[in-house]
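Engineer: The structure is given below, and queries will be raised subsequently.
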Amino acid sequence: MIHAVVLGSGMVGSVMATDLAADPAFRVTAADARPHALELTAERARRLGVALATAPADLSNPREIRRLVEGADVVLGALASHLGFAALRTVIDAGRPCADISFMPENALELDAHARGKGVTCVVDMGVAPGMSHLLAGLAAHRLSPCESIEIYVGGLPRERRRPFEYKAAFSPADVIEEYTRPARLVEHGRVVTRPALSEPEPLDLPGVGTLEAFNTDGLRSLASTLRVPFMKEKTLRYPGHVDLMRAFRETGLFSKTPIDLNGARVVPLELTSALLFPKWSYQPGEEDLTVMRVTAAGAKGGRLTWDLLDVYDAATRTTSMARTTAFPCTSVARLIADGALRRPGVHPPEHLAMIPGIAERLLADLAARNVRFVESTR
């Protein structure tokens, strides 16, 4: 039986753990420092009729991670961004293969030589975006070679719009706000350029959703260096009006990490904002969300490829769309690693998988079997 260890039991990690636990070929251990998160994961497993083990562990401690993964056949990373890089390095140190969704600010590809030296396979950024967005971008660049441009539009939203925010967060609060502050890297005329986050808003009409607002965020990540495509960008999608509201918050200083003095106390504005904002941005049990994504690529010779995703909350399993669309690509890759279909040592971004014959098709089919469907159109 394949032993999988899932590092992190948050909104996505718990779905990853129960998805693998439903597979009779896997024995799963879910680890987290938070007792409440482990309890929710265990409760989810009971409700779905699957068995898994939970392990309380400080996942900021390399020794704790090493102890957890030592006997694992495959490790899945679902940690907050500030923990992801160090955890990945520890997993590689232990010689364990890994599939990871942590949106780490560091460049995970810096660990490629270390992973190759250890003979282990690691796939990073393997969620929905980054993740499937990158895989499809790599597939488009391969099919349209030479590819002229790639545009990625993606967002997670509540199905029901409620003022004043018309938004809810389906993943780590710190990582959401990071999208509104980190400069966005784009590729123009073959060179990497930067734009402020939340810049260059534009409307986009999408079937089944209506008009959304797209704005620059730092989502290209590895694509900026791995694909030779002269024009590339990724934009986040929200309901109209969100950009102006978040810009006002940012310019007021509410997203600042620099402490200020308030009546003799030192206060970090970002921490206060998160404490006040995220109870209002948290999904309530049963509240429905949606995930929407469009990847469009144009070839230098005129060909065009588009993939569209529209996924919604799964009431049968009580799983948010963002958790489903983020977790399932990672568990699918973990299966490929575990069954030997994916054996290339090193640290790989998702676009590298598109170059391996049959892998992209297998991933897309595996997701479709879970009702996460990317609809392809060509012109």
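Engineer: Under 19 Å Cα-Cα from K235, which lysines qualify once same-chain neighbours fewer than 8 residues away are excluded?
Structural biologist: Answer for K235, where 19 Å is the Cα cut-off: K168, listed by chain and number.
Engineer: Another question about this same structure. Report the one residue of V124, G77, F103 whose Cα lies farthest in the direction of the positive end of the charge dipole of region 2-124 (charges on C-beta: Lys and Arg +1, Asp and Glu -1; origin at the Cα centre).
Structural biologist: So the residue furthest toward the plus end is G77.
Engineer: If neighbour count is taken as other Cβ atoms inside 10 Å, put V74, V333 in order from fewest to most.
Structural biologist: Fewest-to-most ranking of V74, V333: V74, V333.
Engineer: Please turn the phi angles of region 335-343 into ³J(HN,Hα) values with the Karplus equation 6.51 cos²θ - 1.76 cosθ + 1.60 (θ = phi - 60°), one per residue in order, whole Hz, x for glycine and proline.
Structural biologist: Result, rounded to whole Hz: 5, 4, 5, 5, 8, x, 5, 10, 10.
Engineer: Which of R143, R324 has the fewest other C-beta atoms within 10 Å, and how do the rest follow up to the most?
Structural biologist: Ordered from fewest to most neighbouring Cβ atoms within 10 Å, R143, R324 come out as R143, R324.
Engineer: Oh, and also: Around D366, what is the net charge, scoring Lys/Arg as +1 and Asp/Glu as -1 over all other residues with Cβ under 15 Å from its Cβ?
Structural biologist: Cβ neighbours under 15 Å give a net charge of 0.
Engineer: Please build a GNM for the chain, connecting alpha carbons under 10 Å apart, and tell me which residue among A369, A80, A72 fluctuates the most.
Structural biologist: The residue with the greatest mean-square fluctuation here is A369.
Engineer: Output the direction-averaged projected area (hull surface divided by four) of the convex hull of the alpha-carbon atoms of region 249-360, in nm².
Structural biologist: Reported value for the Cα convex hull: 13.0 nm².
Engineer: Considering the Cα positions of region 132-312, please state its Rg to one decimal place and its Dmax as a whole number of Å.
Structural biologist: Rg then Dmax for region 132-312, in Å: 17.9, 64.
Engineer: Counting only DSSP beta bridges with both residues in the chain, what percent are antiparallel, rounded to the nearest 5?
Structural biologist: Roughly 60 percent of the DSSP beta bridges within the chain come out antiparallel.
Engineer: Sticking with this structure for a sec: Would you compute, from DSSP H runs of 4+ residues alone, the mean residue ellipticity of the chain at 222 nm, taking -39500 (n - 2.57) per run and dividing by the full residue count, rounded to the nearest 500?
Structural biologist: -10000 deg cm²/dmol
Engineer: Shifting gears a bit: Compute the convex hull volume of the Cα atoms of region 2-124, divide it by the residue count, and report the result per residue in Å³ as a whole number.
Structural biologist: 83 Å³
Engineer: Using the Karplus curve 6.51 cos²θ - 1.76 cosθ + 1.60 with θ = phi - 60°, work out ³J(HN,Hα) for each residue of region 318-326 in order, rounded to whole Hz, and write x for Gly and Pro.
Structural biologist: 6, 10, 5, 4, 4, 5, 4, 6, 8
Engineer: Still on this structure, please answer the following. Could you please rank T320, T378, placing first whichever residue has the fewest other Cβ atoms within 10 Å of its Cβ?
Structural biologist: T378, T320
Read the figures in this text as sums done on the coordinates, not as results from a lab. What you are looking at is a predicted structure, and each value in this text was computed from that prediction instead of being measured. Don't worry about glycine lacking a Cβ; one is built from the backbone with ideal geometry, like all the others, and counts go over all protein chains shown.
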